[in-house]
Amino acid sequence: MTITAEMIPQTDPLQIADRCDQCGAQAFVRVVFRRNKDLLFCGHHYSRHEPALMTSYPYAVVYDERRRINQKPSLSANAD
Ligand SMILES: [Zn+2]
């Protein structure tokens, strides 16, 4: 089954404070396994784990924001 944009529930976009669960880099991919159970990945680690994740958890919903990786951070990125 192909997951289309219409099937994906809206969720808050990833923020600069959201960090990869593997390495602590800024997260650009959120993988939701079920309610309140998700993992965050940077682009590097999502690319590395994507095949295994999609094989083991084909029902997981992936919010892939890697298109934003090379965009400038928001003005609030360095606010603290
Ligand atoms: Zn990472």
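Here are a few things to note about the model shown:
- Only Lys, Arg (+1) and Asp, Glu (-1) charged, at Cβ; the stretch 7-46 dipole about Cα centre in debye: 160
- Where the alpha-carbon atoms of the stretch 14-67 are placed on the principal axes, they occupy 27, 23, 20 Å, in descending order.
- Each residue, Ser47 and Ile16, gets one label point 7 Å from its Cα in the Cβ direction; the gap between the two is 2.3 nm.
Rule-based calculations on the coordinates, nothing more; no lab input. Fair warning: this is a prediction, and the values are worked out from it, not measured in the lab. Note that we place each Cβ from the backbone using ideal geometry, even for glycine, and neighbour counts take in every protein chain shown.
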